[in-house]
1. Tell me, please, whether a residue that is at pLDDT below 95, loosely packed, with under 15 Cβ neighbours inside 10 Å and assigned to a loop (DSSP other than H, G, I, E, B) can be found in segment A:32-42.
2. Can you tell me which residue among B:513, B:530, B:509 is under 30 Å from residue B:70 (Cα atoms) and not assigned by TED's automatic domain parsing to the domain that holds residue B:388?
3. Of everything in segment A:189-233 that's part of a helix (DSSP H, G or I) and within 14 Å of chain B (Cβ to nearest Cβ), which residue is surrounded by the fewest Cβ atoms within 10 Å (Cβ to Cβ)?
4. When the residues of segment A:58-110 are filtered to those that are part of a helix (DSSP H, G or I) and over 11 Å from the mean Cα position of the chain (by Cα), which remaining residue is surrounded by the most Cβ atoms within 10 Å (Cβ to Cβ)?
5. Pick from B:109, B:79, B:99, B:24: which is touching a strand residue (DSSP E or B) at 6+ places or on another chain (Cβ under 7 Å) and either modelled with pLDDT under 95 or in the same structural domain as residue B:137 (by TED's automatic domain parsing) (or both)?
6. Output the residues belonging to segment A:6-16 that are within 24 Å of residue B:512 (Cβ to Cβ) and at pLDDT 95 or above.
7. Out of segment B:419-467, which residues are within 22 Å of the chain's Cα centre (by Cα) and buried (at least 16 other Cβ atoms within 10 Å of the Cβ)?
8. Can you tell me which residue is surrounded by the fewest Cβ atoms within 10 Å (Cβ to Cβ) among those in segment B:82-96 that are touching a helix residue (DSSP H, G or I) at 6+ places or on another chain (Cβ under 9 Å) and either closer than 30 Å to residue B:556 by Cα or not assigned by TED's automatic domain parsing to the domain that holds residue B:390 (or both)?
């Protein structure tokens, strides 16, 4: 088997050592078993242990290793390394403060997620057994509940870049609709009130970057559209 | 050196399913609680669980907790403690229904109830026929559960310390637990968390093996911390090899695939499980299926150019069923095996998956250790739940879907016990010892100043290859003996690991070196406990304890119906009896019997 070498251009910044960020050119030899970009990054870390990035499940379900790969947000563990033009340019997710290298501060992202009350609201005393829900009602949650909070979508959204403190962003709005769509949730009106504001919902201009980058093939734009529809129907 | 100190009623380490479930109990009780977690809660490895959570709801087939209890005891090869198993199976409906009330998006039956599917080793009427007991959200049950639990904690305003790695347990002169030390990743600073109670919910350590379904973060941090603090580890020789990891990649393919009708085939296309488990076939217990697969491969009936795997076939299922019930599996197969399971079978191989042993606890979640005549004396102030703990409900082999149940039941139970112990005044804030942080600071300083040391990656790899070769699906007396020597050598190398990166900010090299210390404790415990147990039981099957008429399956109840306890200091082994008595007098013990499926 011929040797596979990949060339990287990686955003590096360690506030403890570097005055300012720089792009590092570095290459690494891969083993035949290295298939994903994450495998290559782990291999690179053996060579230079200061290369910093988050990772955990390596199968696209924990949402840790989101980064900007050749200009597009994605998960390193779900990206085939051989499919990428080289040098592979890696940057931290755009729009969030960088802590170090590819590690961003996600406080603002989670603040927006928390702001939509991401939990079921139903103040009726629960029955002894499960609340009933038909398979069709449950199906309404498909495409919504699978979100892994990786932030690929929100950090690819120009509206979120401009107003991260005011616009909820695609991930948060997808979660908002996940609860609106749940027949067990009884807070639809409060949830709509919570979003009725020039910024929180209506900064979405259907640019659809979120749909383009979602590693789980979810569609926040559609969910946002449904919330907007409900808003309009409520008003008339 | 001045070091920051935080004071709480209770500190929970870990924010996977068990930690989050415990946190709910504490937050809702009003106790001042901190949850330390080295990853954002929804990144914990509970998120990767797929097939479901067990509860005898009986939504599509008749069921009751007695049957579930029987299956679990039998699955454990009678090494599980029957009081804890009764407790878990009786509580299952309550904790699953609670989760549904929290908003968990379970799949539904036509009548609106929670969808349930069959799973390995779960049966109706004491082993007679398969039962649908696994409550599922497609094949993303762990993800749905972890998010629902996190969301409920957002509602309960639980205080999280996200991306803080716990370093060491703090015990005072009485041996009581009074807190933990932890490092904040963003600053590299070490702090003390002083508390009346500490709950460990740190998950497993599947990364001791080279080939594992486990996440990078599964480094046995709590287990390692407990061992270093003098707490024994229970039954660490028992590791579950999941039958269906993607060959070459290790990524998990849920047993739910077989629950939905998937079939394992060898190179001849034969459904070989019919020969090994004529009754439950592909849905036999995981240890049985994994051994059958390895036997097929060893006898030359494996698939592929190297005959090194078998095939998991669902091509006979309708694409609709696959898309509806197993959508995540299809994604994983396409991503990691390059195969669409609608069209072709998935190459699979047994892969390290779950740690049955751990920190010894009782069913209340209290950590217990021998003291005087009592092998189960609670360690004051110390609690544990989930995969890091050993209650022991899984014994020598865990049934699929019992891990998500374990973390719900014992996470809740540990939380309830802590609330009770604090509110009753049994637990008070004991003074911190003067040297509370010294041990952690010494570890950090050693790492900081190490010269001409060993390489973290190389030592870790040596450990993983040693474990894989010497303590795998089948175990051999000679290999185990060599394995003990080998792993102790690796442990020596781990004492002088050196990192090049000395930054204070989000230093992942330092984190990996500290994690390796924990992995090494687990690896030593595993190898030494396994070498010593001279019988075959559950997931621990060795060549010198074969299946005979006198000792079916090689199990030696006359000598080995007991729990192993391993102490890090001096690698000392001790043993304690298995509890064969259920919790309630009205419940009959499940009598010892030979395990067949």
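The values are calculated or read from the model by the stated rules, or taken from the named source; none is laboratory data. All figures in this text were calculated on a predicted structure; none of them were measured in a lab. As a convention, Cβ positions derive from the backbone with ideal geometry for all residues, glycine included, and neighbour counts pool all protein chains shown.
1. yes
2. The conditions single out B:530.
3. Among residues in segment A:189-233 that are part of a helix (DSSP H, G or I) and within 14 Å of chain B (Cβ to nearest Cβ), the one surrounded by the fewest Cβ atoms within 10 Å (Cβ to Cβ) is A:190.
4. A:77
5. Testing whether each residue is touching a strand residue (DSSP E or B) at 6+ places or on another chain (Cβ under 7 Å) and either modelled with pLDDT under 95 or in the same structural domain as residue B:137 (by TED's automatic domain parsing) (or both) leaves just B:79.
6. Of everything in segment A:6-16, those that are within 24 Å of residue B:512 (Cβ to Cβ) and at pLDDT 95 or above turn out to be A:6, A:8, A:10, A:11, A:12, A:13, A:14, A:15.
7. Scanning segment B:419-467 gives B:460, B:463, B:464, B:466, B:467.
8. Of everything passing the filter in segment B:82-96, B:90 is surrounded by the fewest Cβ atoms within 10 Å (Cβ to Cβ).
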